[in-house]
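As structure tokens, the structure follows; a few thoughts come after it.
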Amino acid sequence: MSIHADLVCTRCDVRLHLGKAVHEDRAPAYYHLGPSDEPPNWARDELNAVLWKLLADHARHPLKVIIEGDPDEEPSERTVELGGDTTRDISFADYLRNWPGHHPRARRDPA
């Protein structure tokens, strides 16, 4: 069974899905989105930019990592998920649009 986690601004009800909580010694050691053959979260440029923008946008707000099964896990009807797929959610591309802290790396063509 996979246990997932979100980083949540509890003031604004904005959340970023972190993925599966990978445990070691009964505590989360790291989080991973998608199948195990997908890159680790730290290696995903867009995900990292979203995380850093979330931290800047919600500075001085109460941020919390909510793990599946926590009492306040369920999103409300006003929750906005970054990268989510409902009409109230915000895509990563839209969230990062015109943000001065986002400088996507130039992609190299495979040789």
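The values are calculated or read from the model by the stated rules, or taken from the named source; none is laboratory data. Keep in mind that this is a model prediction, so the values were computed, not measured. FYI the Cβ positions are ideal-geometry reconstructions off the backbone, even for glycines, and counts take in every protein chain you see. Ligands, DNA and RNA are stripped out before the accessible areas are found, and what is left, the full protein with its side chains, is counted by its heavy atoms. Shrake-Rupley method; radii C 1.70, N 1.55, O 1.52, S 1.80 Å.
Brief remarks follow.
- Count of residues meeting criterion [of a type in the set (A, V, I, L, M, F, W, C), farther than 21 Å from residue 2 by Cα and in contact (Cβ under 8 Å) with a residue 40 or more places away in the chain] in the range 43-81: 8
- Summed over the range 60-111, residues that are under 19 Å from residue 20 (Cβ atoms) and at pLDDT below 85 total 5.
- Residue, modelled with the highest pLDDT, within the range 1-59, restricted to residues that are within 16 Å of residue 84 (Cβ to Cβ), outside any helix (DSSP H, G or I) and open to solvent by 50 Å² or more (accessible area, probe 1.4 Å): 17
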